[in-house]
Ligand SMILES: Nc1ncnc2c1ncn2[C@@H]1O[C@H](COP(=O)(O)OP(=O)(O)OP(=O)(O)O)[C@@H](O)[C@H]1O
Ligand SMILES: [Mg+2]
């Protein structure tokens, strides 16, 4: 990893592109009739904290298991550290450079952290040398278990067990660490500890690939995300890039017909700077919550307002809209219990056509009836 010759780049050269550590192309896994992962193409670069995000059953663990050679893809290709993972010799080499916690690691309940890690080191092919023992102490310190090395594993809390699993994954000083739901089952303090640990690994130049179904728990540490649903990729990119795509102008109306008429007016105006919009449903629905999110530059808010007022549609509210990554995630995946916002209607086709963002979402005129906690008779306002 170190070199004795200083390498000086010519002053005019562009910064080198980050090394691609992991790439999948059309990765697919079928279990009988069930398509668990479908045409998944991912790319993680050196130093990324890459989060594979998706609801339960979306194919995260299946993907990670394929990346570790625990199961074989039905089709598609995996390249890790620049080599073809299907090649047995490359796979063996690559796996030595990877540390992973994908399946619940098994530790001996009556042995302590140091003894358990000694066993893992032996299985990993490390001989009992002063270096390997120092390595165990280092891994214990990395995960913050130094004060509890005398305790038997069975006395550990869930968070401590999780951290010992990560320590085991670090024993071989991996360049790539793969963690399946590292914050699963942890309390807020445990989640924060795991996040700190991941940040520390990233600062050391380790590439981290993790999965989660709870974006809020990992968004502070991840640099890139891939959002999957039902085994398919629905978005991938740098966190900042993804969020900038969902910035826009939010129009609020007191009645649902206002939102619908605005949608129709914008569709008819066919504005190049406002190519699409989506109806936003807030849960629970409150009066005045009929909202349209227009994907337009925020500085166009005045133009947008003028256009609508010109056709007799007056928004109760016009404001800049920026979503959190969690809202973006929930919107893309169709939301979950507690979803704060979900797109339910998209401009861009003739109003009334089924241009819904997802199959469960209502079209705009009937949106009130579908808002959780409401029934058609609960909703206010007529339908246009
Ligand atoms: N060995 C298997 N045999 C049959 N079906 C499987 C197998 N493993 C996973 N599946 C199915 O593949 C789909 C994806 O499962 P997977 O465990 O990858 O999802 P996940 O995103 O990790 O979910 P969770 O968030 O609940 O961990 C699910 O429908 C699951 O039932
Ligand atoms: Mg899983």
Quiz item: Residue separation times 0.36 nm, minus the C-alpha to C-alpha distance between residue 305 and residue 137: what's the value?
Solution: 54.2 nm
Quiz prompt | Alpha-carbon Rg with Dmax, taken over segment 143-189, Å | solution = 11.3, 31
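Can you sort 161, 29 so the residue with the fewest Cβ neighbours within 10 Å comes first? Kindly include the intermediate steps, with their values, before the conclusion.
Numbers: 161 15, 29 22.
Ordered from fewest to most neighbouring Cβ atoms within 10 Å, 161, 29 come out as 161, 29.
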Quiz prompt | Overall dimensions of segment 90-229 by Cα: Rg and Dmax, Å | solution = 14.7, 47
Self-check item: Distance in nm between pseudo-label sites at residue 271 and residue 214 (7 Å out along the Cβ direction from Cα)
Solution: 4.0
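Average projected area of the Cα convex hull of segment 168-259, in nm²? Could you put the intermediate results ahead of the total?
Numbers: hull surface 36.8 nm².
If you wrap the Cα atoms of segment 168-259 in a convex hull and average its projections, you get 9.2 nm².
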Exercise. Find the centroid of the Cα atoms in segment 95-141 and in segment 144-193, then give the distance between the two in whole Å.
Key: 12
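Laboratory data are not the source of any read-out in this text; all were calculated from the coordinates shown. Predicted model, so just to flag it, every value in this text is computed and none were measured. We place every Cβ from the backbone using ideal geometry, glycine too, and count neighbours over all the protein chains shown.
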